[in-house]
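Worksheet: one structure, shown below.
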Amino acid sequence: MNQDIKTQMKAPVETVIEKLEGWLDTFINMIPNMAVALLLLIIFLVVARLGSKLFIKVYTKASKNESLGHLFSTFVYAIILGIGLIIMLGVLGLDKALTSVIAGIGVLGLVLGFAFQDIAADFISGAILAFRRPFKIGDIIEVKDTMGIVSRTDLRVTVVETFKGQEVYIPNKDILQSAIYNFSTLAKRRIDITVGVSYAEDLDTVEKIVLSTIKDLDGVINKELIVFDYAEFDSSSINFNIRFWIEYPGEPTYFKMKNKAIKAIKSAFNEHGITIPFPIRTLDFGIKGGQKLSQMELNGAKELTNK
């Protein structure tokens, strides 16, 4: 019985041993090819890195778009490595497996595309932004209620440093799908100020004083484009708007010029006796059967006298 079991076990063991010996012989025979493949891997890694750097050097002489240069250099690196991979598979005799590998990569890519479609959309949007260049590093932009200086950008996100000292990472997909306000492209910005004057003032005189005051301010540009307009009859004042342009290197300049303009208008009004009125309210206690204020004071005095 034991002899029969040994006989039955002998055949599978011999088969396994033959397989292992065959694999070992194949491995030994493949050592030269594997050495060549390893050498090719090192060579193509070096060539890919050098090719990427060379492309960046050539590209920067023709364009200053860093994001686009980074994108193209990555493509150059990947293409060179891909060529190296095909050659290595041929050396190892695995070129027939290349078709299966490519098919597997395609299926994997499709699955990952559905799983990470938002990330893929950000990368595609980053590539589109790199081509269109609606802004560059150092520009002041506003996107989706976030305003600040573009500090850096890549194919995934754009980083904006706000004027409150915060870094906001905005996905490129959101930027591409939103309105982009670039305050640095034209290097100027308009300041709008609303002021109210008394109903007793002469409106032509007020307009002349305000226009003269703003035109005399240092930092105001395009003085022929200054706009003055009366806006409304308010409850206790007639309100007007004064709109003027300044150079816009940054947000501090905007606030400083707005502050300077408000102070200059107030000083000019004080000099010419122009009144900026306080809100006025009229109280009537005699409406619909109520007691007037004068009657209330009279009745209160009578009560004190009777006491």
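Every number here is computed from the coordinates shown, using simple stated rules; none is lab data. Computed from a predicted structure; not experimentally measured. Note that we place each Cβ from the backbone using ideal geometry, even for glycine, and neighbour counts take in every protein chain shown.
Given 37 °C and 0.692 mPa s, compute D for the stretch 187-287 with the Stokes-Einstein relation, Rh being the Kirkwood radius over Cα pairs; round to the nearest whole µm²/s.
D = 223 µm²/s.
Using R₀ = 41 Å, calculate the FRET efficiency as 1/(1 + (r/R₀)^6) where r is the Cβ-Cβ separation of residue 136 and residue 211; round to 0.05. Please list the in-between numbers first.
Values: r = 37 Å, r/R0 = 0.89.
Once rounded, the FRET efficiency stands at 0.65.
Given the pairs 53/144; 57/173; 57/188; 208/256, which span a C-alpha to C-alpha distance of over 27 angstrom in this model?
53/144; 57/173; 57/188
Given points 7 Å out from each Cα along the Cα-Cβ axis, report the residue 178 to residue 79 separation in nanometres with one decimal.
Distance between the two pseudo-spin positions: 3.5 nm.
For the stretch 134-182, what class follows from the C-alpha gyration tensor (a ≥ b ≥ c being the square roots of its eigenvalues): rounded when a/c is under 1.5, otherwise prolate if a/b is larger than b/c, else oblate?
rounded
I want the local charge near residue 195. Using Cβ-Cβ distances under 13 Å, sum +1 for each Lys or Arg and -1 for each Asp or Glu among the other residues. Working shown, then result.
Details: positive: 243, 258, 263, 266; negative: 192, 201, 207, 229, 232, 234.
Surrounding charge for residue 195 is -2.
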